[in-house]
Amino acid sequence: MIFRYFYDNTLAQASYLVGCAATGEALIVDPMRDIQPYLAMAEKEGLRITHVTETHIHADFVSGIRDVAAATGATMYLSDMGDADWKYGFANDPQVILVRDGDAFMVGNIRIEVLATPGHTLEHVAFGLTDTAAADKPMGVFTGDFLFVGDVGRPDLLEEAAGFVGTKEPGARTQYQTVERFKQLPDYLQIWPAHGAGSACGKALGAIPSTTLGYEKLFNPAFQFNDEESFVKWLLADQPEPPRYFAQMKHVNKVGSPLVRDLVVPQQLDRDALDAALADGLLVVDMRSREDYVEAHIAGTLSVPMGNTMFSTYVGWFVDYKQPMYFITPDAEAVELILIALRAIGIDNVPGYFLPEVVNGDTVNLPTFTAQELAERMQANGLMVLDVRGGTEFAQGHIPSATNIPLGYLPRHLDQLPTDRLIVTNCASGYRSQVAASLLRKLGFTDVANLNEGESVWADVFAAEVAR
């Protein structure tokens with residue numbers, strides 16, 4: 001058996017290739033939309049991708065299952081679990097086979113068994129893997145967004161991100177039953193999850209790529225509960241704010257995303273085109289470094305520096321999927337990587353991009369503060385410190401008198417912000433707060449600055465006063 005692991009750092013997303021060396025057949029599990037790594041690995045290993053599957057209708061990225069099937073002719077194995085609201089819109093495709101709990105299929109000598117694992121979503125399934133050439137019992141389980149290293153999948157996304165009111169508590173109760181089912185499975189089973197640390201699909205995901213069920217039974221908090229009520233209360237508490245684009249991902253993955261090969265190729269554009277886009281109220285994202293944006297940028301652009309590994313998720317908070325968007329690239333070589341990251345969350349309407357040279361002539365700078373400067377300014381006159389970290393982060397410690405509005409929620413809370421005094425944004429590193437400062441300036445708040453030092457600095461400066 002050939003087993004290969006793929007990991008996309010921009011979305012903390014894991015996917016897998018499993019191949020049968022004897023027959024040359026291969027399966028892809030939970031593929032990303034950029035399918036080139038799978039095609040390259042299959043060619044390297046002398047395999048044909050004949051099967052492709054996913055554990056559920058994903059909410060945090062656009063699935064590549066249809067792209068894999070179109071490129072290779074592979075059969076798509078899709079969950080037929082859950083209710084009528086969460087069935088695949090392309091289930092009648094001739095390349096689709098629907099599967100339910102207890103079903104199994106073969107990839108050469110490798111047996112894949114379907115296990116219903118509802119909770120994160122109703123249609124969620126896991127896949128047990130048995131290498132029948134060497135064993136008659138399963139080696140491990142692809143657990144998708146049900147079971148992670150040190151955590152389990154959150155059940156509130158349908159309600160919090162997609163607007164399905166009244167689904168999170170029933171989902172948490174179903175998740176409890178799924179955990180109880182897994183408590184009965186052998187400890188030796190390897191666990192291969194679909195996410196790692198940094199994903200918003202859970203609240204405390206570990207950074208280790210895999211684990212064993214026995215280890216999770218011992219140390220995963222979800223496995224320590226013996227009553228449903230306590231489990232539900234724990235699971236629903238302190239979940240991170242789900243990005244706004246999650247609702248779009250659920251829709252796109254349910255109905256079937258456009259194939260990447262059919263998308264329009266963006267063109268390099270000039271400053272006149274950039275000014276026209278801004279005049280039309282369209283989103284232009286400046287992906288140059290934080291320092292470059294501070295020194296000079298075009299008014300009305302949103303600063304989301306590519307230097308942050310998960311930069312596309314921040315774009316996803318503010319993009320309008322019904323409108324085209326544009327970006328300023330740090331350099332020509334970065335364009336393809338940016339497009340892959342944007343397309344991974346369904347931002348397909350990108351007619352063009354701009355090289356950094358367009359940032360000349362009529363430009364502005366972004367005012368910044370050090371922590372010491374902010375402390376002195378706070379003593380002198382009134383201003384608002386706007387902390388744009390998540391609620392849980394804020395509760396663990398913040399600058400005195402700071403107001404907390406998580407970055408992605410800013411557009412819906414503008415009425416809470418002053419227009420007659422300075423707003424200084426802050427976060428854990430200065431990255432999110434720079435995004436926030438540029439967003440507020442784009443939305444018409446003229447007196448805005450960014451605290452460009454991270455928590456390790458400002459916590460020391462305000463050490464005697466930091467609220468906890």
Residues that are assigned by TED's automatic domain parsing to the domain that holds Leu147, exposed (fewer than 13 other Cβ atoms within 10 Å of the Cβ) and within 20 Å of Asp60 (Cβ to Cβ): does the range 180-197 have at least one? no
Does Leu410 qualify as being at pLDDT 95 or above, out of contact with any Cys (no Cβ under 9 Å at 6 or more places or on another chain) and part of a helix (DSSP H, G or I)? yes
Would you be able to say whether some residue in the range 380-392 is touching a strand residue (DSSP E or B) at 6+ places or on another chain (Cβ under 6 Å), among the acidic types (Asp, Glu) and surrounded by 15 or more Cβ atoms within 10 Å (Cβ to Cβ)? yes
2 or more residues among the charged types (D, E, K, R) and under 30 Å from Glu159 (Cα atoms): qualifying helices (runs of 4 or more DSSP H) within the range 233-308: 246-255
Unmet criterion (only one of (1) assigned to a loop (DSSP other than H, G, I, E, B); (2) out of contact with any Asp or Glu (no Cβ under 6 Å at 6 or more places or on another chain)) for Trp192: (1)
Checking Asp156, Asp131 in turn, the sole residue that is in the same structural domain as Glu229 (by TED's automatic domain parsing), within 19 Å of the chain's Cα centre (by Cα) and surrounded by fewer than 23 Cβ atoms within 10 Å (Cβ to Cβ) turns out to be Asp156
Find all pairs meeting these conditions: Cβ atoms under 7 angstrom apart; at least six residues apart or on different chains; first residue within the range 442-468 and over 30 Å from Val319 (Cβ atoms) and modelled with pLDDT of 95 or more; second residue surrounded by 14 or more Cβ atoms within 10 Å (Cβ to Cβ) and charged (D, E, K, R). none
Among the residues of the range 419-444, how many are surrounded by fewer than 16 Cβ atoms within 10 Å (Cβ to Cβ) and in contact with a Phe, Trp or Tyr (Cβ under 9 Å, 6 or more places away or on another chain)? 1
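The rows are residues; the columns are (1) surrounded by fewer than 18 Cβ atoms within 10 Å (Cβ to Cβ); (2) over 21 Å from Asp67 (Cβ atoms).
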site	(1), (2)
Phe311	no, yes
Tyr314	no, yes
Trp317	no, yes
Gln323	yes, yes
Tyr326	no, yes
Ile347	no, no
Pro356	yes, yes
Asn360	yes, yes
When the range 355-364 is examined, which residues are found to be touching a residue at least 24 places away in the same chain (Cβ under 8 Å) and out of contact with any helix residue (DSSP H, G or I) (no Cβ under 6 Å at 6 or more places or on another chain)? Leu355, Pro356, Val359, Asn360, Gly361, Asp362, Thr363, Val364
Looking at the range 28-50 only, could you name the residues that are under 25 Å from Asp101 (Cα atoms) and more than 25 Å from the chain's Cα centre (by Cα)? Ile49, Thr50
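The values are calculated or read from the model by the stated rules, or taken from the named source; none is laboratory data. These figures come from a predicted structure and were not determined experimentally. Backbone-built Cβ (ideal geometry, glycine too); neighbour counts: all protein chains shown.
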